[in-house]
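To keep things clear, I will list the structure first and then write my remarks on it.
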Amino acid sequence: NLWKQHNEHRILIPRLFFLIDVLFFKGNSVFLFMTNIVIQGLHVLLLWRLIARAELPRQWRWTAVIATALFLFSAANFENLVWAFQLSFLFTFFAATAACVALLRSATPPRLLWLLLTITMGFISTFSLANGVLLWPILVLLAIVSGLGWRPALIIATAGLCIDGF
C-alpha cells in the first residue's frame, strides 16, 4: 500500500511519516505537526542561504529573508502547519527547492554527491505529490541553461524517466 496512489498523487514519502506516527507516536499527529514545522523551517533556511549569496545590499537581503520567513509561516500557510496530511505539500516544495540548489551546486566538487542529492530530492518531490513529476524537466532545463554540460542533464533526464516510471 505504500506505493499505491492516492487519487492522482503518489504519496510514498508522506505515508512513511504517517506510518512512523502510528507505530511510534500512537497516531496522535504531534510528530507530523512537528515535522511540518521542521520542514518549513528548513525551507526558510535553504532560501535564506540562497538570498545570503545574492549580490544585493545587506538591508535588501535581510528584508528578503524576513519576508520569506513571514510568507512560509504566515496565516495563509497555517493549514499547512497544523494539518498532518499537508506534509505532502511541504515535502514536495522543499524537495524541489533543494533539488534545484543541489543541481546548481553540482558545478563544484564533490560533483557526484551534489548530483545524487539532486536525484534524491527529486525522488522525494515526485513521491510526495503528483506535481513532483514536473520537477524533472525543470531540472534538465536548469542543467542545460546553467552550463553544467550534457552529462548532468542526461543523468537527470534518465533518473527522472526511471523514477516517473514507477
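The values are calculated or read from the model by the stated rules, or taken from the named source; none is laboratory data. What you are looking at is a predicted structure, and each value in this text was computed from that prediction instead of being measured. We place every Cβ from the backbone using ideal geometry, glycine too, and count neighbours over all the protein chains shown. With ligands, DNA and RNA removed, areas are computed over all heavy atoms of the protein, side chains included. Shrake-Rupley method; radii C 1.70, N 1.55, O 1.52, S 1.80 Å.
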Q: State the percentage of accessible surface on the stretch 7-155 attributable to carbon and sulfur atoms; use a 1.4 Å probe and exclude ligands, DNA and RNA.
A: 75 percent
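In debye to the nearest 20, how big a dipole does the stretch 22-119 give about its Cα centre with +1 on each Lys and Arg Cβ and -1 on each Asp and Glu Cβ? The partial results should precede the final answer.
Values: 7 positive and 2 negative charges, 64 e Å.
Dipole magnitude for the stretch 22-119 comes out near 300 debye.
Show that you can apply the helix-only estimate: for the chain, add -39,500 (n - 2.57) for every DSSP H stretch of four or more residues, divide by all residues, and state [θ] at 222 nm to the nearest 500. Before the final figure, lay out the partial values.
On the way: 8 runs with 119 residues, N = 166.
Mean residue ellipticity, 222 nm, calculated: -23500 deg cm²/dmol.
What is the gain in length, in nm to one decimal, between residue 151 and residue 164 on full extension, counting 0.36 nm per residue of separation less the C-alpha to C-alpha distance?
Details: separation 13, 0.36 × 13 = 4.68 nm, distance 1.96 nm.
So the chain would gain 2.7 nm between residue 151 and residue 164.
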Q. Ordered by residue, what ³J(HN,Hα) values in Hz, to whole numbers, does the stretch 82-92 give under the Karplus form 6.51 cos²θ - 1.76 cosθ + 1.60, where θ = phi - 60° and Gly and Pro are x?
A. 10, 9, 4, 5, 5, 3, 5, 5, 5, 4, 4
Q.
Take residue 134 and residue 83, extend 7 Å from each Cα along the Cα→Cβ direction, and tell me the distance between the two endpoints in nm.
A. 1.9 nm
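Quick check: convex hull over the Cα atoms of the stretch 100-166, volume per residue in Å³, rounded to an integer?
Working: hull volume 4.4 nm³, N = 67.
Spread over its residues, the Cα hull of the stretch 100-166 gives 66 Å³ apiece.
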Q. With Cβ to Cβ distances under 15 Å as the rule, what net charge do the other residues near residue 32 carry (K, R +1; D, E -1)?
A. 0
Q. How far apart, in nm, are the 7 Å Cα→Cβ label points at residue 104 and residue 38?
A. 2.6 nm
**Q.** Dipole-positive endmost among 41, 57, 104 within the stretch 15-166 (Cβ charges, Cα centre)
**A.** 57
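Express in nm, to one decimal, how much length is gained between residue 120 and residue 25 on full extension, taking 0.36 nm for each residue of separation and deducting their alpha carbon distance.
The residue 120-residue 25 span can extend by a further 31.5 nm.
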Q: Using the Cα centre as the reference, give the magnitude of the dipole from point charges on the C-beta atoms of the chain (Lys, Arg: +1; Asp, Glu: -1; all else neutral), rounded to the nearest 20 debye.
A: 380 debye
(Q) For the chain, what does the relative contact order come out to in percent, with C-alpha contacts under 8 Å and a separation of six or more? (A) 22 percent
